[in-house]
Amino acid sequence: MIDQKFVASDPMEIGIIPEKLDELLRRVRKEVDDGLLPSVQIAIARKGKLAAFETYGNAPDDALYCIFSATKAITSAAAWLLIQEKQLDVSQKVTNIIPEFGENGKADIIIEQLFTHTAGFPHAPFRPVLWHDKVARVQRFADWRLNWEPGSRFEYHPTSSMWIIAEIIERVSGQSYASFIRQRIAQPLGLDDMWVGIPEEHHHRIAPVVHVGDAMTTEDYEQLGLPVPPVTEVTEDALTSFNSTEVRQVPVPGGGGFMSAADIALFYQALINDGKSLDGEQVWQPETLAFTLQVRTGDLRNLLDGNQVNRALGVIVAGDDKRNLRGFGHTNSESAFGHGGAGGQIAWADPATGISIGYCTNGHDRNPIRQGRRGVSISNRAAMCS
């Protein structure tokens, strides 16, 4: 449960406009009221505190959700601590830390390319349960082959590059990736429910993933003038595997975070409040955040929509007026940053307004256009709450 010290006594205390907040909350619960989504959870924060934290639908108030790829920002922020301590240089080759990784043409990949999805191995298979077998996981890393020349293009790596970043964190820090997240991020920020790999005693609080709505057909995409998305490892079966007790306990660095929407919003609050916890503990230095939040992908573009990808070290920066295609609202500033997750999870902070939000749902919409429009609509309203 969220400590009451994080809850504002009144939204106006932290500069959130009550009427705008009410509009946001009405929009958030719409799909639950309409019967499409089984449950949703929303948190909006400013000045280190929550203006609202609400759960709607068939889930308890203290429900936890799998946030899928929104986990990538947390994994990345863990690595930022090693950069801060000068234990990690993103310009160095991965093989300087994981020599085994260099097999099959991967010897020249640098660490920065792992964060920016330019490393060239987006389709590398890895079963989460292999993580606990050190020998098997390192052999799998060695076996992976390149799909294209590293650095030559952008293509989203759903899980592969984050497995390597987690391995780097373990080898450099000397502790397990999961414990590093707990000790270096969750505990200093006071976020007791932030887990990547969640112990079984907490599983009863997790809202199970279900798939809702009808899938779009090829004809649907053609009518909208859109290409049919390629098949990736992010399948319905892959997503519902996180209902498994075994998989939930694996610290999947690219998609296995379990927490509440409030934990997401408060994590991002620290990032836009000079890297400090609410109690003033310095977790990330401001210069670390300035370095890690720089866009590093130049003019590289998304192969599906042709827009610039605006990737920093593990997060997306909103950028120009196409920010609605990067997981943000039209009303976000160009400096907003974050990383959403499969099924419509929303996670961002906007330094221009001081607002951060977390939005979680266990109802994974089979219609990605409807899901995307919902995310933009919610983000539009959240960004205008101050």
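Rule-based calculations on the coordinates, nothing more; no lab input. Worth saying up front: this structure is predicted, and the values here are computed from it rather than measured. No Cβ is skipped: glycine too gets one built from the backbone with ideal geometry, and neighbour counts run over all protein chains shown.
Here are the numbers:
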{"item": "Rel. contact order, % - alpha carbon contacts under 8 angstrom, at least six apart, the stretch 14-157", "result": "16 percent"}
{"item": "Integer Hz, Karplus 6.51/-1.76/1.60 couplings in order for the stretch 2-7, x for Gly and Pro", "result": "6, 4, 5, 5, 8, 9"}
{"item": "Long-range HN-HN contacts of LEU50 with modeled amide H, under 5 Å", "result": "VAL7, ALA8"}
{"item": "Max mean-square fluctuation residue, GNM over the chain, Cα-Cα springs under 10 Å, options GLY280, GLY256, GLY225", "result": "GLY225"}
{"item": "FRET efficiency for MET384 and SER9, using Cβ-Cβ distance with R0 set to 22 Å, rounded to 0.05", "result": "0.50"}
{"item": "Charge context of GLN308, other residues only, Cβ under 13 angstrom, K/R +1, D/E -1", "result": "+2"}
{"item": "Most fluctuating residue given options PRO229, PRO38, PRO199, as computed from a GNM of the chain linking Cα atoms under 10 Å", "result": "PRO229"}
{"item": "Candidates per chymotrypsin sites (Phe, Trp or Tyr not before Pro) in the stretch 105-194, loop by DSSP, up to 13 other Cβ within 10 Å", "result": "TRP148"}
{"item": "10 Å Cβ shell holding at most 12 others, DSSP loop, trypsin sites (Lys or Arg not before Pro): longest site-free stretch of the chain", "result": "146-386"}
{"item": "Mean ellipticity per residue at 222 nm, deg cm²/dmol - from DSSP H runs of n ≥ 4 across the chain, formula -39500 (n - 2.57)", "result": "-8500 deg cm²/dmol"}
{"item": "Net charge, GLU149 excluded, C-beta distance under 13 Å - Lys, Arg +1, Asp, Glu -1", "result": "+1"}
{"item": "Label point distance in nm, ASP214-GLU85, each placed 7 Å from Cα along Cα→Cβ", "result": "5.4 nm"}
{"item": "Long-range amide H partners of GLU281 with built H, under 5 Å", "result": "none"}
{"item": "Nearest-20 debye value, the stretch 240-386 charge dipole, Cβ charges on Lys, Arg, Asp, Glu", "result": "580 debye"}
{"item": "Alpha-carbon centroid distance for the pair the stretch 157-203 / the stretch 61-108, whole angstrom", "result": "10 Å"}
{"item": "Fraction of beta bridges assigned by DSSP in the chain that are antiparallel (%, nearest 5)", "result": "85 percent"}
{"item": "Members of LYS106/LYS134; LYS72/LYS106; LYS276/LYS322; LYS49/LYS86; LYS72/LYS134 lying beyond 26 Å, as alpha-carbon distances in this model show", "result": "LYS276/LYS322; LYS49/LYS86"}
{"item": "Simple spin-label estimate for GLU236 and ASN58 in nanometres, 7 Å along Cα-Cβ", "result": "1.6 nm"}
{"item": "Highest-fluctuation residue, SER277, SER91, SER160 considered, GNM on the chain with Cα pairs under 10 Å", "result": "SER91"}
{"item": "Dipole moment magnitude, nearest 20 debye, the stretch 164-228 about Cα centre, only Lys, Arg, Asp, Glu C-beta charged", "result": "520 debye"}
{"item": "Whichever aspartates and glutamates have a C-alpha closer than 20 Å to that of LYS93, once near sequence neighbours (fewer than 8 apart) are set aside", "result": "GLU85, GLU103, ASP108, GLU112, ASP143, GLU149, GLU155, GLU167, GLU170"}
{"item": "Size of charge dipole - the chain - debye, nearest 20, with Cβ of Lys, Arg +1 and Asp, Glu -1, no other charges", "result": "440 debye"}
